[in-house]
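The values are calculated or read from the model by the stated rules, or taken from the named source; none is laboratory data. For clarity, every value in this text was computed on a predicted model and none was experimentally measured. Cβ placement follows ideal geometry from the backbone for every residue including glycine, while neighbour counts extend to all protein chains displayed.
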Amino acid sequence: MSFHSRLRALLFCALLMGFVGLNAQQSQHRTYSNVEYNEEGGDLLGSELELTINADRVDGHLKIYQGGCADPIHVTGSLSGEKLHVSGENDLYGKIDITGSVKGSSFDGLLRLEKTHSSEKIRLTRIDKPHC
């Protein structure tokens with residue numbers, strides 16, 4: 001095998017390994033929810049967290065349902081092992097902070113809303129697609 005043939009084969013292998021590495025680092029999209037439909041009032045009630053995970057960085061939206069479809073609130077943060085921390089802000093709730101653990105198909109954590117001066121424990125289950 002000539003030097004140029006070996007060099008081409010080496011470059012091909014390097015490119016192939018680069019594509020494999022890119023595929024291994026693709027982002028993951030997950031949605032966690034505890035939203036329930038209240039038949040009596042015809043309302044959606046609960047919280048939903050849509051996340052795009054890229055290595056240890058997280059970007060997504062929180063929706064707090066209090067009747068109909070909820071406006072998404074942009075959140076960003078990190079995922080280290082099972083520990084998730086994301087935060088965001090909007091006019092209605094002020095600063096929003098979510099911390100907790102992702103285990104299997106569920107998220108257990110704490111949701112803090114600045115303007116309502118509230119903190120509540122939340123348990124969200126992974127679902128295939130958001131409600132709205």
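Just one of the numbered conditions (1) within 15 Å of the chain's Cα centre (by Cα); (2) of a type in the set (Asp, Glu); (3) modelled with pLDDT of 95 or more; (4) surrounded by fewer than 16 Cβ atoms within 10 Å (Cβ to Cβ) is not true of Asp56: (3).
Among the residues of the stretch 109-132, which ones are farther than 18 Å from His29 by Cα and either in contact (Cβ under 8 Å) with a residue 24 or more places away in the chain or not basic (Lys, Arg) (or both)? Of everything in the stretch 109-132, those that are farther than 18 Å from His29 by Cα and either in contact (Cβ under 8 Å) with a residue 24 or more places away in the chain or not basic (Lys, Arg) (or both) turn out to be Gly109, Leu110, Leu111, Leu113, Glu114, Thr116, His117, Ser118, Ser119, Glu120, Ile122, Arg123. Could you list all residues from the stretch 29-53 that are modelled with pLDDT of 95 or more and loosely packed, with under 12 Cβ neighbours inside 10 Å? Selection gives His29 alone.
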